[in-house]
Amino acid sequence: MKYVRLIRHGESAANSGEGTRDLASILLAIGLKQAQMVANSHTSAPDLIIASPFLRTQATALVTTAIYLNAAFETLPVHELVRLSISALELHAPLGLAPRI
């Protein structure tokens with residue numbers, strides 16, 4: 001049986017109150033520690049690691065790929081959910097792609 005594990009990126013500059021709406025928000029030192037904790041929490045090696053093109057997600061994923069060298073790694077144009085409201089979903093499509101809902 002295959003398992004899917006969804007992991008949010010570690011704490012980034014944007015999470016700490018610095019505004020950003022682009023791909024460039026980087027992980028803070030605490031975010032790197034969080035990524036390491038997640039990487040060490042795997043009970044078996046992942047077959048595939050997928051991250052969005054955002055720097056914070058790339059950095060989080062790369063900590064795991066450094067441990068599991070045989071895991072495939074892919075970057076996919078995943079969209080960021082900015083705000084959820086009853087009336088609509090507002091999505092940020094970083095690569096100019098239309099969101100798929």
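State yes or no: is LEU89 among the hydrophobic types (A, V, I, L, M, F, W, C), at pLDDT below 70 and closer than 23 Å to ILE26 by Cα?
Numbers: among the hydrophobic types (A, V, I, L, M, F, W, C): yes; at pLDDT below 70: yes; closer than 23 Å to ILE26 by Cα: no.
The answer is no for LEU89.
Suppose we keep only residues that are in contact with a Lys or Arg (Cβ under 6 Å, 6 or more places away or on another chain) and of a type outside the set (A, V, I, L, M) within the stretch 1-41. Which one would you say is modelled with the lowest pLDDT?
Selected residue: SER25.
The values are calculated or read from the model by the stated rules, or taken from the named source; none is laboratory data. The structure presented is a predicted model; accordingly, all values stated were derived computationally and were not measured. Ideal geometry is used to build each Cβ from the backbone, glycine not excepted, and the neighbour counts take in all protein chains shown.
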